[in-house]
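Below is one structure, written out as structure tokens; the observations come after it.
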Amino acid sequence: MVWAGLFPFSVVYGLWVAPALAHLPVVLQSLVSSAVLVPLAVFVGIPTVTAILRRFS
């Protein structure tokens, strides 16, 4: 369930945001990616997947 809630955001981040941050040091890139992806997954992705799975169970 966590993977399904995180994967779409990770793909979009990798395609759109990561190239714009390529000039930053790796540590800052990692900080930004975790600051963006973790809240999205926790507050949007995982609750959405949970709600979808509840409908089918």
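The values are calculated or read from the model by the stated rules, or taken from the named source; none is laboratory data. Note that this is a predicted model, so its numbers are computed, not measured. With ideal geometry, Cβ positions are generated from the backbone for all residues, glycine too; neighbour counts draw on all protein chains shown.
So here's what we get for this one:
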| read-out | value |
| --- | --- |
| In the range 17-57, the residues that are farther than 15 Å from A4 by Cβ and either in contact with a Lys or Arg (Cβ under 8 Å, 6 or more places away or on another chain) or of a type in the set (S, T, Y) (or both) | S30, S33, S34 |
| Of the criteria (1) at pLDDT 95 or above; (2) surrounded by 11 or more Cβ atoms within 10 Å (Cβ to Cβ), which one L15 fails | (2) |
| Residues that are over 10 Å from the mean Cα position of the chain (by Cα) and surrounded by 14 or more Cβ atoms within 10 Å (Cβ to Cβ), drawn from the range 22-45 | Q29, V32 |
